[in-house]
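One structure is given below, encoded as structure tokens.
The values are calculated or read from the model by the stated rules, or taken from the named source; none is laboratory data. Just so it is clear, the structure is predicted and the values come from calculations on it, not from any experiment. Quick reminder, even Gly has a Cβ in these numbers, built from the backbone with ideal geometry, and neighbours come from all protein chains shown. Note: areas computed on protein heavy atoms with side chains; ligands, DNA, RNA excluded. Shrake-Rupley method; radii C 1.70, N 1.55, O 1.52, S 1.80 Å.
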Amino acid sequence: MRTNPLTKPKYDPNSVQAVVMLAPMLIGFFLFTYVPIFYILRYSFYQSNGFTETWIGVENFVRIFTRDLPYWKSLGNAFLLSFGKLAVEIPLALLLAVFLNKALKGTGFFRVMLFLPAIISTAITGLIFSLMFASFNGIINEMLLNIGWIARPISWFSRKWSAMLVLGIASVWNNYGINMIFFLMALQSVPKELYESADIDGISSVRKFFHITLPMIGPTFQVVVLMAIVGSLKMADLILASTNGQPAGQTEVVMTYVFKYFFGYDGRTVSVGFASAMALITGIILALVSLVYLKTSNKLGHSMD
């Protein structure tokens, strides 16, 4: 019996094979992403310590918006630390990527050396910088004393703004490398003919950067900044490994604050329901920040076009 070549088979073996190969990942994604979200939604309406639970309705949300000022302070610290460090981290990563994109000798070595901090665990980075900026026997204080810039050791972690400065430096050092690689990949995809034409027309390097480089890497730039914003707002392990929210909770960020209520860390009572409500509100705020950024960056991109 001859088959009509125009008739589609009942199933495509390639599609079935693809689904079977993707199934483990999709199942894991569902189990470890959507199932926890469902439980977060459920627990946010309960007073629970992980073992016993009592339905309290929206009381957790009322508490957050009316009686829990430290939550909003920790959220403000997260925004302050995130956007403060990104103002340095993104331009630094882009500048280094531009220099490394030039066909110069030794760039391969510098690519590896500049990327190395990105492979170090964030928790290890926190420990390293807490030891470097220690009040006594810290290498930074010793260097400043030796060159005569200070008369006595600085207690970096006893004041909010100096502690936040150290956290910002540590986060920039730990994260600029991966952003640099993303920018470098985008720069290598820009056609060289555009730069050659600009050279013929006598365009300066600064104008080439703003009128050729930035528009061509615009989509990558948008994604990198969005990932950096969301990742910075979710920062937790760096703070836990260095300041742990000290002094007096002034360097607490929103994720460490939620974490301590989830697990009863740092002397707090385990409150899964309240922590779930805070996590839900934080997730909504992050989604709104991402949406506003995407809308704003799209408008800026259209205006540049």
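For the stretch 122-218, take N as its residue count and report Rg(C-alpha) divided by 2.2 N^0.38 Å. Taking the Cα Rg and dividing by 2.2 N^0.38 Å, one obtains 1.69.
At an R0 of 51 angstrom, the distance between the Cβ atoms of Tyr34 and Ile119 translates into a FRET efficiency of 0.95. Residues Arg207, Arg42 ordered from highest to lowest accessible area at a 1.4 Å probe: Arg207, Arg42.
Could you give the Stokes-Einstein D for the stretch 202-287 in µm² per second, using the C-alpha Kirkwood radius, 20 °C, 1.002 mPa s? Diffusion coefficient, whole number: 137 µm²/s. What's log10 of I(q)/I(0) for the stretch 146-305 at q = 0.14, 0.16 Å⁻¹, Debye sum over Cα points only, no solvent? Log10 I(q)/I(0), no solvent term: -0.91, -1.02.
Listed cross-link partners Lys73/Lys234; Lys85/Lys160; Lys85/Lys295; Lys73/Lys160 are compared with a 20 Å cut-off, the Cα-Cα value being larger for Lys85/Lys295. Against the empirical curve 2.2 N^0.38 Å, the C-alpha radius of gyration of the stretch 117-158 lands at a ratio of 1.31.
Straightening the chain between Asn49 and Val206 buys 50.7 nm, computed as 0.36 nm per residue apart minus the Cα-Cα spacing. Decide, for the chain, between rounded, prolate and oblate: order the square roots of the alpha carbon gyration tensor eigenvalues as a ≥ b ≥ c, take rounded if a/c falls under 1.5, and otherwise choose prolate if a/b is larger than b/c, else oblate. Because a/c hits 1.5 or more and a/b fails to exceed b/c, the chain counts as oblate.
Amide H contacts for Gln246 (H built 1.01 Å from N in the peptide plane; partners 5 or more residues away or on another chain; cut-off under 5 Å): Thr251. Would you be so kind as to identify all helices of the chain, as entire DSSP H runs, whose Cα atoms reach 18 Å or more along the helix's own axis and whose mean Kyte-Doolittle hydropathy is at least 0.0? Result, helices passing both filters: 13-29, 69-100, 160-188, 218-233, 272-304.
Here the peptides 129-140, 186-197 are ranked by packing, the mean other Cβ count within 10 Å, and the order with the highest first is 129-140, 186-197.
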